[in-house]
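Below: the structure, in structure tokens.
The values are calculated or read from the model by the stated rules, or taken from the named source; none is laboratory data. Owing to the predicted nature of the structure, the values given are computational and were not obtained by experimental measurement. Neighbour counts are summed over all protein chains in view; Cβ atoms, including those assigned to glycine, are modelled from backbone coordinates with ideal geometry. Surface areas here come from the heavy atoms of the whole protein model, side chains and all, with no ligands, DNA or RNA. Shrake-Rupley method; radii C 1.70, N 1.55, O 1.52, S 1.80 Å.
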Amino acid sequence: MNLDPLLNHVEPEGAIPPVDRWQPTHAGEMDLEIAADGRWFHEGSEMKRPRLVRLLSTLLRREENGEYYLVTPVEKQRIRVVDRPFVVVEAEHDDAAACWWLSTSAGDRLRLDETHRLQLSPTPDGTLVPEVPVRFGLAARLGRNVYYRLIEAADQRLSDEGMIELGLTSAGSWQPLGELPAEDA
């Protein structure tokens, strides 16, 4: 994938190009993998330049068939993603707005709310861990330190099935973090 033409027209830092509207006719495959811990590898070598990883992350989308692609207006290249392409590395509570803000390893900042809502899903080893939608079918898995920070702030409530739900409310929306059997509460 030739990024030179795109680099000449890079959006302002932080802006996301409209990759959801691009429908390139040329498709291929690139030897690029995003590991479960959020590190990016090209041809087996870890990509160490954060700005390049950020740029590539803005060109990423997940299609309806579950495949991940780096997309430009003229081509798309399929890549491998082991779990989720992003990892939430920071969480901060905004007391005034009664909400939580999450930051990803790729530089995205999200407010936990009805649109960006936590949901439990299995990791490759089958462990249920929360993830949050980011954009274009992409999601971020909560990093371990962020998960434990949110668990410390969590509330408990009894589910209809007799389980104790752990979670928190952010921007008026319940955000699930996990479940415990009622006898463990």
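Looking at Glu161, Glu152, Glu165, just one residue is among the acidic types (Asp, Glu), open to solvent by less than 60 Å² (accessible area, probe 1.4 Å) and free of Cβ contacts under 8 Å to residues at least 60 places away in the same chain, and that residue is Glu165. Filter segment 61-75 for residues that are of a type in the set (A, V, I, L, M), assigned to a strand (DSSP E or B) and either open to solvent by 40 Å² or more (accessible area, probe 1.4 Å) or free of Cβ contacts under 8 Å to residues at least 60 places away in the same chain (or both) and give the result. Scanning segment 61-75 gives a single hit, Val71. Would you check if Arg78 is more than 30 Å from Glu152 (Cα to Cα) and touching a residue at least 12 places away in the same chain (Cβ under 8 Å)? Against the criterion (more than 30 Å from Glu152 (Cα to Cα) and touching a residue at least 12 places away in the same chain (Cβ under 8 Å)), Arg78 qualifies. Is there a residue being acidic (Asp, Glu) and within 21 Å of Pro176 (Cβ to Cβ) anywhere in segment 115-125? Yes, segment 115-125 has at least one match. Scan segment 146-156 for residues that are in contact with a strand residue (DSSP E or B) (Cβ under 8 Å, 6 or more places away or on another chain), part of a helix (DSSP H, G or I) and of a type in the set (D, E, K, R) and the total you get is 1.
If you go through segment 28-60 and keep only what is in contact with a Phe, Trp or Tyr (Cβ under 8 Å, 6 or more places away or on another chain) and either open to solvent by 20 Å² or more (accessible area, probe 1.4 Å) or among the β-branched types (Val, Ile, Thr) (or both), you end up with Glu33, Ile34, Glu46, Met47, Val53.
Within segment 102-145, the set of residues being in a strand (DSSP E or B), open to solvent by 70 Å² or more (accessible area, probe 1.4 Å) and more than 20 Å from Tyr68 (Cβ to Cβ) comprises Arg109, Arg111, Leu128. Of all the listed residues (Arg117, Arg141, Arg157), the sole one being within 30 Å of Gly28 (Cβ to Cβ) and either basic (Lys, Arg) or more than 20 Å from the chain's Cα centre (by Cα) (or both) is Arg141.
Selection of segment 76-90 for residues being buried (at least 18 other Cβ atoms within 10 Å of the Cβ), touching a Ser or Thr at 6+ places or on another chain (Cβ under 8 Å) and assigned to a strand (DSSP E or B) yields Phe86, Val87, Val88.
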